[in-house]
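Structure first, then comments.
Derivation of every value follows stated rules applied to the coordinates shown; laboratory data play no part. Not measured: the values here are computed from a predicted model. Cβ coordinates were reconstructed from backbone atoms using ideal geometry, including for glycine residues, and neighbour counts include every protein chain displayed.
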Amino acid sequence: MRYYDKKLNILCFDAKDLTDLFETPNKKQIWEELIKRGYSLKKLPSTKAEMVEIISSINIIHDKEDVEIFLALYAFLKFYPSDSKICYLLKTNVDPTTINTLELFKKSLKEYDITDFIFMTKEGLIAHQLKGYYGHISLDELFDYIKNVLLKKYANDIGVTNLLFFLNGGGVVSNDLFRKLHERLKTLSIKGTGDILISYNEEGKVDVINTVYPSLRTSRIPHKNFTEEGSMAG
């Protein structure tokens with residue numbers, strides 16, 4: 001189910017509706033891969049492992065917007081209540097009722113905005129901007145990266161938007177890394193009411209989001225691979 005807020009010009013989806021919109025273009029690729037491997041409507045993969053292998057061979061990420069939708073839907077939504085919606089700011093003069101494909105949806109998104117996506121919960125709207133960190137994971141390097149982003153991109157004012165950094169670099173996440181990072185961030189003159197969050201996967205077993213500013217807290221959820229969720233397999 002969709003919801004459009006005309007005043008804010010945001011289009012919101014429940015998880016199923018956004019999943020359908022995102023996965024529809026890829027189902028054609030999946031069927032092509034099935035046919036290439038000798039499957040048909042009468043002879044489908046008999047095990048989940050076979051379906052996982054086939055889905056894993058399909059490239060579903062093509063651009064920045066795909067990354068943002070994928071992560072919001074499959075990586076971060078699970079940290080919020082199950083009835084939460086995922087919302088996106090639209091360009092002006094876009095009729096939300098005409099958005100019926102993924103490509104049209106991506107073309108309708110507002111560009112160059114601090115917000116990549118918004119979670120709508122019963123408590124209100126929670127805006128996020130994603131930032132990938134691909135460097136070495138150490139206290140000094142991670143702090144310097146965040147400090148530079150805050151200064152150069154936002155002039156140290158993040159407003160009401162949460163900055164969500166997802167770790168993709170090498171290195172070991174030490175036990176006290178986030179506590180020390182929190183202490184360093186408190187020394188900066190950061191304006192706004194948004195949080196600074198760090199997301200990472202712990203040994204392929206647990207998905208973690210740590211708040212490192214202005215408070216220090218952690219949320220941990222058992223990890224499931226995207227291909228094991230069964231979304232496109234169904």
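Quick look at the values:
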| quantity | calculated |
| --- | --- |
| Virtual spin-label span in nm between E203 and K91, 7 Å along Cα→Cβ | 4.8 |
| For q = 0.12, 0.13, 0.28 Å⁻¹, Debye-computed log10 I/I(0) when each Cα of the range 151-220 counts as one equal scatterer | -0.33, -0.38, -1.39 |
| The range 74-130: projected area of the alpha-carbon convex hull, averaged over directions, in nm² | 4.7 |
| Cα-based reach from K91 at 18 Å (exclusive), listing aspartates and glutamates while leaving out same-chain residues under 8 positions away | D5, E65, D66, E68, E103, E111, D113, D116 |
| Globularity index of the range 75-234, i.e. its alpha-carbon radius of gyration over 2.2 N^0.38 Å | 1.13 |
| Between the range 1-21 and the range 187-209, the Cα center-to-center distance that results, in Å | 26 |
| Flagged links, alpha-carbon separation over 20 Å, of K131/K191; K16/K110; K106/K147; K7/K122 | K16/K110; K106/K147 |
| P(r) tail fraction, the range 134-187 - alpha-carbon pairs more than 13 Å apart, % | 63 |
| Mean Cα-pair separation over length for the chain, i.e. relative contact order, pairs under 8 Å, 6 or more apart, % | 16 |
| Relative contact order for the range 127-234, counting Cα pairs under 8 Å that sit 6 or more residues apart, in percent | 24 |
| Set K180/K205; K85/K186; K78/K205; K85/K224; K36/K224; K36/K205 screened for pairs whose C-alpha atoms are more than 26 Å apart | K85/K186; K36/K224; K36/K205 |
